[in-house]
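Data block below; observations after.
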Amino acid sequence: MPNPPRSALFIDGANIYATTKALGFDIDYRKLLADFRARENLVRAFYYTALVEDQEYSSIRPLIDWLDYNGYRVVTKPVKEFTDSSGRRKIKGNMDIELTIDAMELSPYIDHMVLFSGDGDFRPLVAAMQRRGVRVTVVSTVQTQPPMVADELRRQADDFVDIVQLIPRIGRDQGDRPARPPRSFGPEGARDAAPRDPAPRTTVNLENRYGIRQPDEDDAED
């Protein structure tokens, strides 16, 4: 029986978040890791994202912390703010270089690269990996309008997997979605009937949004 291919996952966090948001589902990263480990010899699973450093609370921080402790290699960098020629403030947080360097360095040790991104800027990387004998699968979607995957990236890849096909295996159960509070209407327009918590609830956000089970207080050791 042949050995399963040595593979590595490269997840473009911002791109894949936009993709799943457009499709209306959330990835359960525990299921994602287990699924690929069951089918291939998974060498590494990378997750790339930029972070705003001066925020007291970032909604993605609980996910980053969980991934870092549960089998993922998390790569982050601070976003950069700049002012364009028209005086508008913009934010730049591209992780393409970091992902590309990691993939090239790992290329001698893997047979299969799985790229979770639809960004056409990765086409040269895909071509370079293929020249090194690495098969490349791109995971994104063509089910949105416009498609989330660039045509040139999809053409370059050895295989393209529409992430919609993976929802039964890696999607978070819909029953775990938090119920939205009823909305009321007043002089200032629509508003939530239930007051919002003044501080973020990290555990609830993490479990509901990403399908990551957090220990309850009752589960903690005495």
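Matching residues to (1) in a loop (DSSP other than H, G, I, E, B); (2) over 17 Å from TYR17 (Cβ atoms); (3) among the hydrophobic types (A, V, I, L, M, F, W, C):
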{"position": "THR100", "(1), (2), (3)": "no, yes, no"}
{"position": "SER107", "(1), (2), (3)": "no, yes, no"}
{"position": "PRO124", "(1), (2), (3)": "no, yes, no"}
{"position": "GLY133", "(1), (2), (3)": "yes, yes, no"}
{"position": "VAL136", "(1), (2), (3)": "no, yes, yes"}
{"position": "VAL142", "(1), (2), (3)": "yes, yes, yes"}
{"position": "ARG154", "(1), (2), (3)": "no, yes, no"}
{"position": "GLN165", "(1), (2), (3)": "no, yes, no"}
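With modelled with pLDDT under 95 and over 26 Å from ILE27 (Cβ atoms) as the only criterion, which of ASP173, ASP197, ASP192 stands out?
ASP192
Within the stretch 123-141, residues that are touching a residue at least 40 places away in the same chain (Cβ under 8 Å) sit with their Cβ atoms under 7 Å from residues that are open to solvent by 10 Å² or more (accessible area, probe 1.4 Å) and assigned to a helix (DSSP H, G or I), at 6+ positions apart or across chains, in these pairs: THR141/LEU23; THR141/VAL164.
Within the stretch 50-64, no residue satisfies the criterion of being at pLDDT 85 or above and open to solvent by 80 Å² or more (accessible area, probe 1.4 Å).
The values are calculated or read from the model by the stated rules, or taken from the named source; none is laboratory data. Just so it is clear, the model here is predicted, and its values are computed rather than measured. So basically every Cβ, Gly included, is an ideal-geometry build from the backbone, and we count neighbours across all protein chains shown. All accessible areas refer to the heavy atoms of the entire protein, side chains included, with ligands and DNA or RNA removed. Shrake-Rupley method; radii C 1.70, N 1.55, O 1.52, S 1.80 Å.
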